[in-house]
Amino acid sequence: MTAAGSKHIREPFRKYWSCLSFALIVILLPASAFGIDNSFPDIYSIRTGIVTQMSESVVSLLISLLSALIIICVIVIIFSSKLRSINRELRERNEQIEKINKELHKTNRELADQKDLILKQHSESDRFYQMLIESADDGISFYDKDWNLKFANSAFYSLIGFDRESYHSIDPEVFIHPDDKEYQFHRAGALSKNGFFEGELRLRHKDGHYVNLSSRSVAVKDDDGEILGALTISRDITKLKQAHEQLIKANLEVETSNRLKSSFLANISHEIRTPLNSVVGFSNLLLANDLTREAKEEYIEHINHNSEKLLQIIGDIIDLSRLESSQIEITYEEASVSAIVNEVIEEARQVIRRNEKPIILNVKNQFEENGDLIFTDRIWLRRVLSHLMDNAVKFTLDGSIEFSYYREEDNLVFKIKDTGIGIKKENLGRIFEEFRQEIDGHHRPFEGLGIGLTLAKEVIERMGGKIYVQSEKGLGSEFSFSIPYRPAGSTKTKMQAILKEQQMTQLNWSSRKCLLVDDNRDVLIYLSRILTDTGVVIMTASSGYEAIEQIKNTPDLDIVLLDMQMPGMNGIEATQEIRKIRRDLPIIAQTAFIFEDDKDIILEAGCDACLIKPIRKEHLLTVMSSFIKSN
């Protein structure tokens, strides 16, 4: 019961007690009327007097008792009525208290349910955020202000290949790269000053290699602004760094390549204009009327030499295109090693004579005569040997050049050794690179495009061989290469080839008819002059349409030399139309396109052979001899 309820109960009893006291006083008052003293010692005397005087005062006593009884009854009635009122009020107060208690219990239950719900939500939130942190690929870690690791997700440990227990059993300083020891110092300074820090760190992986991490740390503070620690997020950027380094390397290579190509283009301009100047100049000198025969022969020799030089430069440029597009193809055919070497040596002797260099050229043939014929790509092998011999002659001011070739087990070995200027050892590794020369730029003392050795290396490797170089500055160089030895025949076969070459000088095609088709008048004149000595009847046409008409009107035509690039109807279209008229008529294509794909398209269109411009007399007659017979 509450204090307020107790107060309400005590208050009526206090009033009733006052009434009862008043009633007792009323009862005792008549006693004084009988002469009884108020003191306590006389009470017993009064009682004795009452007994003795009962008869006299009985009436008064009864009246007093009756009065007292009436008063008591009235008091009891009043008290009972008041007590019922109090009880009723108490019951109402109890009902109110019970109602309040019920509401309090209900509120307590709601508060308890709310508390359980909040605890449940808090627990689920903790699990949710923990799940988020654990599912992150980046390493998330928290360090206290003394830089002790207090929390880290699984990704943090997996970045360096350790589990939680293994990591904490090792001193963290062991993982840091020696060059990154100042990382923690810089991080602590930045956090205290700026509140955050970004940087890169290398940590040693469990496997031994270092992992590049990009990290960002932020300071964690309490309500008073005091630093509690730092939250760090780390990301593995090892692959990104490697890709970035490769990109930088590739960019440098591209820049270097662009510089080399710019230098190469400048070299091309110089290399082309120099022989072209001789061709144009000596051609104009031939127009003079007072020239002697010796002077004309000299001028013509200069023109021929520089023309060959121009062809070689153009061939090098074309080969460069092939090299960059990986279109160099090796075609194996029967060829004489000695014949190829003799051609290369003869060209080298001419260059030595022209430049008036005091160079002694020695050739050592250590090859068996009966194994001279091999299967190889004759053109490419000759080109490789020519490039190596040209370099030897170019870089040898005086002294000697030794050319040797021999068989070593299953390989054919070629060696070219000179006493020239030599190459520095630090430059030996780059001389086989594109456009590379030991001395680049306009101050270089020697001519050349810088692609000869690159091309030679590529061709030799495609043939299944290897190329080597030994050199010392001021003492000369030795280039050697080996290719697989593939025997093709014997001396008898070689003699047959020689007899065939002799027969080429005695061609008689006086009863044969040949149609030359080209839109270039100079080409028609050149081809006609070549074929004049054979006695063949020459017919010409300047377009595909004109050629078709002549073929229709000349049923006994023996062979056609057809240009592939003409206006109106090109050579491919003309070939297809000619095949509709005569399927057995030999057609030899002539083209300036040199890629293998172009040659395949030409042959697939219906041509029987393909000649690459500029067309040489020997090559033209050899190919034509395959289709028409001498009288």
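Yes or no, residue by residue, for (1) at pLDDT below 80; (2) open to solvent by 100 Å² or more (accessible area, probe 1.4 Å); (3) within 30 Å of Asn306 (Cβ to Cβ); (4) assigned to a helix (DSSP H, G or I):
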| residue | (1), (2), (3), (4) |
| --- | --- |
| Gln246 | no, yes, no, yes |
| Leu252 | no, no, no, yes |
| Ser263 | yes, no, yes, yes |
| Ile272 | no, no, yes, yes |
| Val279 | no, no, yes, yes |
| Phe282 | no, no, yes, yes |
| Ala288 | no, no, yes, no |
| Leu291 | no, no, yes, no |
| Ala295 | no, no, yes, yes |
*If you go through segment 457-467 one residue at a time, do you hit one that is at pLDDT 85 or above and in a strand (DSSP E or B)?*
yes
*Is there any pair with a first residue in segment 315-334 that is modelled with pLDDT of 70 or more and a second that is open to solvent by 60 Å² or more (accessible area, probe 1.4 Å) and not hydrophobic (A, V, I, L, M, F, W, C) whose Cβ atoms are under 7 Å apart and which are 6 or more apart or on different chains, and what are they?*
Ile330/Arg462; Glu333/Arg378
*Kindly list, by first and then second residue, each pair from a residue in segment 168-182 that is part of a loop (DSSP other than H, G, I, E, B) to a residue that is open to solvent by less than 90 Å² (accessible area, probe 1.4 Å) and modelled with pLDDT of 85 or more, limited to pairs with Cβ atoms under 6 Å and residues at least 6 apart or on different chains.*
Phe175/Leu203; Phe175/Arg204; His177/Arg202; His177/Tyr210
_Condition first: at pLDDT below 85 and open to solvent by 80 Å² or more (accessible area, probe 1.4 Å). Can you find one or more residues in segment 336-352 that meet it?_
no
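Is it the case that some residue within segment 167-177 is of a type in the set (Gly, Ala, Ser) and within 14 Å of Leu149 (Cα to Cα)? Full working, then the answer.
Of the residues in segment 167-177, the ones of a type in the set (Gly, Ala, Ser) are 169.
If we keep only those that are within 14 Å of Leu149 (Cα to Cα) as well, we get 169.
Yes.
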_Take the conditions of a type outside the set (Gly, Ala, Ser), closer than 21 Å to Asn362 by Cα and at pLDDT 80 or above and apply them to Glu402. Does it pass?_
yes
*Give me the pairs: first residue in segment 218-243 and farther than 16 Å from Lys145 by Cβ, second residue assigned to a helix (DSSP H, G or I) and open to solvent by 50 Å² or more (accessible area, probe 1.4 Å), beta-carbon distance under 9 Å, and six or more apart or on different chains, which are they?*
Ile237/His244
_For segment 216-231, which positions are more than 13 Å from Gly195 (Cβ to Cβ) and either open to solvent by less than 60 Å² (accessible area, probe 1.4 Å) or in contact with an Asp or Glu (Cβ under 8 Å, 6 or more places away or on another chain) (or both)?_
Asp222
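Select from segment 206-215 the residues that are surrounded by 12 or more Cβ atoms within 10 Å (Cβ to Cβ) and not hydrophobic (A, V, I, L, M, F, W, C) and write down the one among them that is nearest to Leu149 (Cα to Cα).
Residues of segment 206-215 that are surrounded by 12 or more Cβ atoms within 10 Å (Cβ to Cβ), as a first pass: 206, 210-215.
When the remaining residues are screened for being not hydrophobic (A, V, I, L, M, F, W, C), the result is 206, 210, 212, 214-215.
Values: Lys206: 19, Tyr210: 21, Asn212: 20, Ser214: 18, Ser215: 15 Å.
Result: Ser215.
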*Please work out which one of (1) modelled with pLDDT of 85 or more; (2) under 49 Å from the mean Cα position of the chain (by Cα); (3) part of a helix (DSSP H, G or I) is the condition Phe375 fails and give its number.*
(3)
*Selected residue (criterion: nearest to Leu621 (Cα to Cα)) from residues of segment 536-556 that are open to solvent by less than 20 Å² (accessible area, probe 1.4 Å) and either part of a loop (DSSP other than H, G, I, E, B) or touching a residue at least 40 places away in the same chain (Cβ under 8 Å) (or both)*: Val536
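The values are calculated or read from the model by the stated rules, or taken from the named source; none is laboratory data. A quick note: this is a predicted structure, and the numbers were derived from the prediction, not measured. As a convention, Cβ positions derive from the backbone with ideal geometry for all residues, glycine included, and neighbour counts pool all protein chains shown. What goes into the accessible areas is simple: the full protein's heavy atoms, side chains included, and nothing from ligands, DNA or RNA. Shrake-Rupley method; radii C 1.70, N 1.55, O 1.52, S 1.80 Å.
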